[in-house]
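**Q** My structure is below; once you've seen it, I'll send some questions.
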Amino acid sequence: MNEDKKMIAEVDDDLCFVNEWVDKLSHGKSFTLRVFVESFQSEMKCKDRAKRESALKRICLVISKLPQNYPWELPHGRYFLHNKITKFN
């Protein structure tokens, strides 16, 4: 029962996180995809694999929820994202 509550709390936390960042990234706020991905820098460099996987999961969740008209074609956007994500191992 405690495991179920913990999983539900994690899902709720992820959902709030995703909704907050999708709003920031897609509605003209002063946040960019670069700022978002770089906010995970400490987790990406962490020796704890679970923390690295959690960071990647959150990045992917947010990206998957961005609107189709999100400006992916910025000159540095795709390269930057590819470069950051491929550093997870």
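**Q** For a quick check: sort 33, 66 by the number of other beta carbons within 10 angstrom, fewest at the front.
**A** 66, 33
**Q** Then there is this: Report the extension gain between residue 69 and residue 19 in nm, rounded to one decimal, defined as 0.36 nm multiplied by the number of residues separating them, less their alpha carbon distance.
**A** 16.3 nm
Read the figures in this text as sums done on the coordinates, not as results from a lab. Being a predicted model, the structure only gives us computed values, none of them experimental. A quick note on method: Cβ atoms are made from the backbone with ideal geometry, for glycine too, and the neighbour counts reach across all protein chains shown.
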